[in-house]
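Below: one structure, written as structure tokens.
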Amino acid sequence: MKTYSFFLCLAISSCSCQYQTVARGKKYSEASSSEYKLYFQDNQGNIVSPWHDVPLFTQTDRSNQTYNMIVEIPRFSQAKFEIHREHLMNPIVQDIEDAHLRYLPNLFPWHGQVCNYGAFPQTWENPFHEDEWTGFKGDKDPIDVCEIGSKPEPTGTVLPVKILGILALIDGGETDWKVIVMNSKEAADKNINTLDDLREDYPGLLESVRKFFRVYKVPSGKPENKFAYDGEVKDK
């Protein structure tokens, strides 16, 4: 166990040292001339795409059981940051809706986002293909990730995570998978390897995550989201 934990620490250190972020513009500014963009830079000083250049798997776990997550929205924050599909090098920007910056509502008992929210690099929800499990086409975005560890992670973090399960959200008639993960070091420290482990250590957490994604758009006048599999979080 000590050797395994040390190995995970090496994986996390290697990943966090490999990339840094470079901010441009003014955070939370609605002026197009000062749009906030968070770029990624490798250890050689090159601007890289968090979507296309960051590997899906951590390079130090040869079993391919540890994934890289790009954190977009820190836990308990409201600004709706996301990887921009069209901008050159895919910086993280704040989403715009009806010509205004988008913020998540506070839904009691949560403040903002219920988890560290982000995406898996090197993935894509195909809008031209009907998903065989949900019956709906993809939403054109990288696959979404919900990290349920105890620590909020900053926007732009490349975080090694362990996959525990998946939730099949149907958003506006499109497939929008939400992969439930925990940062790999915390999962190893707490010996959380399955959804059953998570339920035992954190009873009610999965239900809170599912409820959040069902109702978080309601305050803006939109209907509740629906799920495939009756909202069951499926085991990995």
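A few comments on the model shown:
- So Glu153, is it of a type outside the set (A, V, I, L, M) and touching a residue at least 24 places away in the same chain (Cβ under 8 Å): yes
- Segment 186-218 - residue that is open to solvent by 30 Å² or more (accessible area, probe 1.4 Å) and among the small types (Gly, Ala, Ser) and, of those, farthest from His111 (Cα to Cα): Gly204
- Val71 meets each of the listed conditions (1) among the β-branched types (Val, Ile, Thr); (2) more than 17 Å from the chain's Cα centre (by Cα); (3) not in a loop (DSSP other than H, G, I, E, B) apart from (2).
- Checked against (1) modelled with pLDDT under 95; (2) within 29 Å of Pro219 (Cβ to Cβ), Lys137 meets all criteria but (1).
- In segment 82-119, the residues that are over 23 Å from Val54 (Cα atoms) and surrounded by fewer than 15 Cβ atoms within 10 Å (Cβ to Cβ): Ile96, Glu97, Asp98, Ala99, His100, Pro105, Asn106, Phe108, Pro109, His111
- Number of positions in segment 56-81 that are more than 16 Å from Leu159 (Cβ to Cβ), modelled with pLDDT of 95 or more and either basic (Lys, Arg) or surrounded by 17 or more Cβ atoms within 10 Å (Cβ to Cβ) (or both): 2
- Unmet requirement for Glu130, which otherwise passes all of (1) without any contact (Cβ under 8 Å) to a residue 60 or more places away in the chain; (2) buried (at least 17 other Cβ atoms within 10 Å of the Cβ); (3) within 21 Å of Glu174 (Cβ to Cβ): (2)
- Flag for Thr3 being modelled with pLDDT under 95 and under 23 Å from Lys185 (Cα atoms): yes
- For segment 206-231, taking the residues that are touching a residue at least 60 places away in the same chain (Cβ under 8 Å) and not in a helix (DSSP H, G or I), the one that is nearest to Arg75 (Cα to Cα) is identified as Tyr216.
- Pick from segment 142-172, criterion surrounded by fewer than 19 Cβ atoms within 10 Å (Cβ to Cβ) and of a type in the set (D, E, K, R), ranking: farthest from the chain's Cα centre (by Cα): Asp171
- So Gln44, is it in a strand (DSSP E or B) and either at pLDDT below 95 or open to solvent by 70 Å² or more (accessible area, probe 1.4 Å) (or both): no
- Verdict on Lys137 being open to solvent by 20 Å² or more (accessible area, probe 1.4 Å), within 19 Å of Leu159 (Cα to Cα) and not aromatic (Phe, Trp, Tyr): no
The values are calculated or read from the model by the stated rules, or taken from the named source; none is laboratory data. Quantities reported herein were computed from a predicted structural model and do not represent experimental measurements. Because the Cβ atoms are built from the backbone with ideal geometry, glycine has one as well, and the counts that use them run over all protein chains shown. Accessible surface is based on the protein model in full, side chains and every heavy atom, while ligands, DNA and RNA are left aside. Shrake-Rupley method; radii C 1.70, N 1.55, O 1.52, S 1.80 Å.
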